[in-house]
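K.L.:
Mind having a look at this structure? Questions to follow.
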Amino acid sequence: MNDTPDVVPATNDKSRKVTWGSRFIPARAEAIFDVLANPAKHHLIDGSGSVVAARSGNPERLSLGAKFGMDMKMGFPYKISSTVSAFEENRLIEWHHFGRHKWRYELEPVAGGTRVTESFNYGSSPASALLVLAGYPERHRKSIDETLQRMADHFG
């Protein structure tokens with residue numbers, strides 16, 4: 001196996017304004033990336049409970065600069081459009097919407113599977129102080145843990 005623990009619970013690094021967590025997933029990076037790069041599959045692993053479905057007109061597979069829309073629900077239904085801001089096939093994907101905070105997935109192949117690190121970077125948002133006041137970093141800490149658990153269950 002590897003030297004790192006199978007699960008690193010999500011934590012909020014207030015100095016960097018990033019909430020992140022990591023988990024060993026018993027699947028190849030390519031299989032995990034196929035889910036992350038397909039907006040129609042995001043609901044399968046979403047631990048926040050806010051992803052309802054991909055909107056029509058999305059690309060089947062995301063790439064750098066790709067735009068995609070999702071139907072969401074957080075107390076009330078809404079629609080959001082995001083743009084892929086970082087992309088390395090089978091290793092890294094990141095996107096943001098108008099608020100400029102970023103969701104990022106980093107995949108590292110390890111013996112028997114992949115170490116997946118998910119992060120929520122709220123320091124990239126001009127409204128980062130408001131996000132903190134609204135409790136998003138703490139809420140996303142819990143959502144990251146749940147997303148990584150759902151990912152492990154999906155591939156387990």
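K.L.:
Run the dipole for segment 1-70 about the Cα centre, Lys and Arg Cβ at +1, Asp and Glu Cβ at -1, nothing else charged, and hand back the magnitude in debye, nearest 20. Don't skip to the end; give the middle numbers.
P.N.:
Details: 9 positive and 7 negative charges, 68 e Å.
With Lys and Arg at +1 and Asp and Glu at -1, about 320 debye.
K.L.:
So what's the gap between the Cα centers of segment 110-127 and segment 56-70, to the nearest angstrom?
P.N.:
20
K.L.:
Please give, to one decimal in nm, the separation of the simple spin-label points placed at SER56 and ARG150, each 7 Å out from Cα toward the Cβ.
P.N.:
Between SER56 and ARG150, the simple spin-label model gives 2.4 nm.
Read-outs throughout are calculated quantities, based only on the coordinates presented, and are distinct from any laboratory measurement. Keep in mind that this is a model prediction, so the values were computed, not measured. Cβ: placed from backbone, ideal geometry, glycine included. Neighbour counts: every protein chain shown.
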